[in-house]
Each structure stands twice: as structure tokens, then as C-alpha cells.
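Notes for the one structure printed next.
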Amino acid sequence: SIKRSQEECLIYLRNDMKESKVQTAVLNYLLKKGVFAFRVNNTAIFDDRLGQYRSFAGLKGVPDLIAITPPTKKQCGGIFVGLEIKTTKGKLSTHQVLFRNRCYSHNCEYHVIRSLEDIKALDHLWG
């Protein structure tokens with residue numbers, strides 16, 4: 001039997017994988033590389049005390065993951081990178097398209113990620 005590293009196992013993500021599994025694999029990959037990245041919870045949350053869901057009151061269309069590039073000699077701060085996780089068939093909602101366009105108008109990065117290969121193609125952003 002051949003033992004594989006965690007990273008090697010992540011390479012074999014199936015194309016039909018749920019967004020949540022791709023999201024977890026992408027976030028783990030970024031964190032392992034030392035990237036400042038985090039998940040954004042942008043859905044209603046169940047409140048045990050109230051026994052019901054609290055409605056979402058945040059900004060609609062915010063990407064699933066946010067990462068910040070490291071500062072460079074030419075740039076004292078990092079760049080915002082929005083990462084929207086989608087399945088191979090998933091499409092951006094109207095609010096997600098509007099958020100993406102706002103990112104572009106502010107010279108931020110925004111990418112739709114469908115696989116680990118997609119995030120690896122952005123390795124140049126992390127220095």
C-alpha cells in the first residue's frame with residue numbers, strides 16, 4: 001500500500017464533489033501554504049436559545065472564502081482576493097455577480113474556484 005500526503009490526497013478531488021468539500025479542501029490548502037484566508041458564513045444561522053434560524057443581515061453575494069495576499073516591496077498592504085466555490089455546473093447568483101463586479105472596480109481579485117487545480121493556478125498571488 002502506498003501512503004499519500006494530505007496534499008496529494010486533495011489533488012484527487014472528484015469533479016462531482018459538493019461545494020462544501022471543495023471549500024474545505026481549498027481552505028486547508030491555503031492555510032497549509034501560510035495564506036491569510038478564512039471562510040465567510042453568509043447564510044442564516046440556527047440559534048439554539050431561540051429555537052429558530054436567525055435571518056441573514058449581511059452583505060449578499062460575499063464570496064465563500066476571502067484571502068489576503070502578502071505585502072510586497074511595491075505595495076505596503078495585501079490585496080483582497082474573493083474566492084467563490086462552485087461545483088462544475090454551479091453558476092454565480094445575481095448578488096454574486098454584483099459583488100464580483102465591485103471587486104473588479106476596486107482592483108481586487110475575484111475568482112470562481114471549482115477544484116484544487118483552480119486554486120493552485122493562483123499560487124503566484126501568495127508569493
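Here are some notes:
- Among all positions in the stretch 101-108, there is no residue which is under 22 Å from Ser20 (Cβ atoms) and modelled with pLDDT of 95 or more.
- Screening the candidates Asp123, Asp47, Asp64 for the property of being over 23 Å from Lys21 (Cα atoms), of a type in the set (Asp, Glu) and open to solvent by less than 50 Å² (accessible area, probe 1.4 Å) yields one hit, Asp47.
- Scanning the stretch 65-112 for residues that are in contact with a Pro (Cβ under 7 Å, 6 or more places away or on another chain), within 15 Å of Phe36 (Cβ to Cβ) and in contact (Cβ under 8 Å) with a residue 12 or more places away in the chain turns up Gly78, Gly82, Leu83.
- Any hit, the stretch 108-116, residues being among the basic types (Lys, Arg), open to solvent by 80 Å² or more (accessible area, probe 1.4 Å) and part of a loop (DSSP other than H, G, I, E, B): yes
- Evaluated against (1) assigned to a loop (DSSP other than H, G, I, E, B); (2) aromatic (Phe, Trp, Tyr); (3) surrounded by 16 or more Cβ atoms within 10 Å (Cβ to Cβ), Tyr29 falls short on exactly one condition, (1).
- Every residue from the stretch 35-64 that is closer than 25 Å to His124 by Cα and either touching a residue at least 40 places away in the same chain (Cβ under 8 Å) or of a type in the set (A, V, I, L, M, F, W, C) (or both): Val35, Phe36, Ala37, Phe38, Val40, Val62, Pro63, Asp64
The values are calculated or read from the model by the stated rules, or taken from the named source; none is laboratory data. None of the values given here were measured: they were computed from a predicted structure. Heads up, the Cβs are rebuilt from the backbone with ideal geometry, glycines too, and the neighbour counts pull from every protein chain shown. When the accessible area is computed, the model is the full protein with side chains, heavy atoms only, and any ligands, DNA or RNA have been set aside. Shrake-Rupley method; radii C 1.70, N 1.55, O 1.52, S 1.80 Å.
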